[in-house]
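Note sheet for the following structure.
The values are calculated or read from the model by the stated rules, or taken from the named source; none is laboratory data. Owing to the predicted nature of the structure, the values given are computational and were not obtained by experimental measurement. Cβ: placed from backbone, ideal geometry, glycine included. Neighbour counts: every protein chain shown. For accessibility, only protein heavy atoms count, side chains too; no ligands or nucleic acids. Shrake-Rupley method; radii C 1.70, N 1.55, O 1.52, S 1.80 Å.
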Amino acid sequence: LVPILVHFFVVRTTPYTTLPTILLVGPSGAGKTSLLTLVERGDKTVPTHTSQTPQPVELTVSAGGAVQSFRETAKEDAPGMHKKFLLMDTPGHGKLRKFAMDRVNTQDSLKGIMFVLDAAALDENLPATGSYLYDVLLALQKRMGAGKTSRGPSSIHVLIAANKSDLFTALPVSLVKSNLEAELGRIRKSKSKGLLDSGVGADDVGNEESDNWLGTYGAEKFSFSQMREFDLEVDIVGGSVLEGKVDKWWKWISARV
Ligand code: GDP
């Protein structure tokens, strides 16, 4: 009887950590709230409020790979064919990012991270976007490293969702990728120099530096493929929430949950 009670208790009190979870992260203004609204309400109404608190939304993915709200799922004949999962929004504002980083570090049911960015404003937002992405990837890399000794996730996939492809100023995916890789490489270099100059004893530098080095240690250039060393798969896919062009993102989600 006791184990059953314990199980019941856990399920009842932590509903948001038991379903497979996709975390939505990214800088403010990228389109995260709009994306949630699109899938939750099935419309293209774009909200103007800024998300201050995380808003987990329970959704389903059908056998065909479509992501739907429960309302739409209920209209169909075979609801048993649907997989439930959570899409969890996080505040993009710098001061509120701790919430997202806590989830990245510890959420047990984490299956994937969608990093949403504004592909039409990447030029001016590159430093801010790059440093947020750098923090997320480095945290994941450390988490995966820790998972080799304790119980950790086997692999986590990251989708960089290059939103706003409807705008003519939007960069093509290939340029989003190369710009981000260059920026992450630049950040990596400057952080490693900072460590060396920080007065840390010479013996400590080796370990600390390799632990805090994103991707292949010592590599001259950064590329997303280096994250595979840590069982992290990074994909970049364009789309537009405004035009409802999000099918490829849903496909990515349905393969994760
Ligand atoms: P969040 O801060 O990441 O939650 O971003 P929001 O969802 O609040 O969106 C920020 C702004 O971008 C809003 O004015 C949206 O109307 C706009 N937006 C979101 N998605 C798109 C898109 O695909 N195309 C265009 N042109 N604008 C978008």
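Things to note:
- Of all residues in region 211-255 being more than 21 Å from VAL104 (Cα to Cα) and of a type in the set (Phe, Trp, Tyr), the one that is modelled with the lowest pLDDT: TYR217
- A Cβ distance below 6 Å, combined with a sequence gap of six or more or placement on separate chains, defines the contacts here; from region 165-186, residues that are over 11 Å from ALA121 (Cα atoms) reach residues that are exposed (fewer than 14 other Cβ atoms within 10 Å of the Cβ) in the pairs ASP166/GLU243; GLY185/LYS221.
- Test: residue in region 66-85 that is modelled with pLDDT of 90 or more, open to solvent by less than 50 Å² (accessible area, probe 1.4 Å) and either hydroxyl-bearing (Ser, Thr, Tyr) or not in a strand (DSSP E or B) (or both): no
- The lone exception for PRO153 - which of (1) part of a helix (DSSP H, G or I); (2) surrounded by 14 or more Cβ atoms within 10 Å (Cβ to Cβ); (3) at pLDDT below 90 it fails: (1)
- Flag if VAL173 is at pLDDT 95 or above and within 16 Å of the ligand (Cβ to nearest atom): yes
- In region 94-108, the residues that are at pLDDT 85 or above form Cβ pairs under 7 Å with partners that are open to solvent by 50 Å² or more (accessible area, probe 1.4 Å), at six or more places apart or across chains, as follows: MET101/ASP135.
- In region 107-124, of all residues being among the small types (Gly, Ala, Ser) and away from the ligand (no atom under 16 Å from the Cβ), the one that is nearest to HIS157 (Cα to Cα) corresponds to GLY112.
- Test for THR33: is it at pLDDT 60 or above, closer than 24 Å to GLU243 by Cβ and in a helix (DSSP H, G or I): yes
- There is no residue in region 187-202 that is open to solvent by 60 Å² or more (accessible area, probe 1.4 Å), β-branched (Val, Ile, Thr) and modelled with pLDDT of 90 or more.
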